[in-house]
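These notes are about the structure you will find just below.
The values are calculated or read from the model by the stated rules, or taken from the named source; none is laboratory data. Everything quoted here is computed from the prediction, not taken from an experiment. Quick reminder, even Gly has a Cβ in these numbers, built from the backbone with ideal geometry, and neighbours come from all protein chains shown.
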Amino acid sequence: MKTRLIGKAAPAVLLVITALSSKVCAIQPDAPFLELQEKNKAKWAAQDKKIDAKLAQLEKRFGKKPNIICILASVTLGRALRV
């Protein structure tokens, strides 16, 4: 009897865990980022257009969208790599 109860409750438990984890992992930018975003909106939009143009050229050249891997490193990580 307990096995059947657990089997029926498992989807509900999984749903609750999924709902909670999505709220925890939601992007929540801080105030300094929001200020920089507002300040650099036009500059970043221009950079985005250049990047989109380069990606379109690559797609046209190779016939498929390019695979891109972004590696972000903090200043601390950069210092650690130089040592």
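Can we say LYS64 is loosely packed, with under 10 Cβ neighbours inside 10 Å, at pLDDT 70 or above and more than 19 Å from the chain's Cα centre (by Cα)? Working first, answer last.
Details: loosely packed, with under 10 Cβ neighbours inside 10 Å: yes; at pLDDT 70 or above: yes; more than 19 Å from the chain's Cα centre (by Cα): yes.
Yes; evaluated as a whole, the condition is true for this residue.
Going by what's in this entry, would LYS54 be described as in a loop (DSSP other than H, G, I, E, B), modelled with pLDDT of 60 or more, surrounded by 10 or more Cβ atoms within 10 Å (Cβ to Cβ) and not acidic (Asp, Glu)? Before the answer, list the steps.
Working: in a loop (DSSP other than H, G, I, E, B): no; modelled with pLDDT of 60 or more: yes; surrounded by 10 or more Cβ atoms within 10 Å (Cβ to Cβ): yes; not acidic (Asp, Glu): yes.
For LYS54, the condition - in a loop (DSSP other than H, G, I, E, B), modelled with pLDDT of 60 or more, surrounded by 10 or more Cβ atoms within 10 Å (Cβ to Cβ) and not acidic (Asp, Glu) - is not met.
Hey, can you tell me all the residues within the stretch 31-54 that are among the aliphatic types (A, V, I, L, M) and either more than 26 Å from PRO66 (Cβ to Cβ) or touching a helix residue (DSSP H, G or I) at 6+ places or on another chain (Cβ under 8 Å) (or both)?
First pass over the stretch 31-54, keeping only residues among the aliphatic types (A, V, I, L, M): 31, 34, 36, 42, 45-46, 51, 53.
Scanning the stretch 31-54 gives ALA31, LEU34, LEU36, ALA42.
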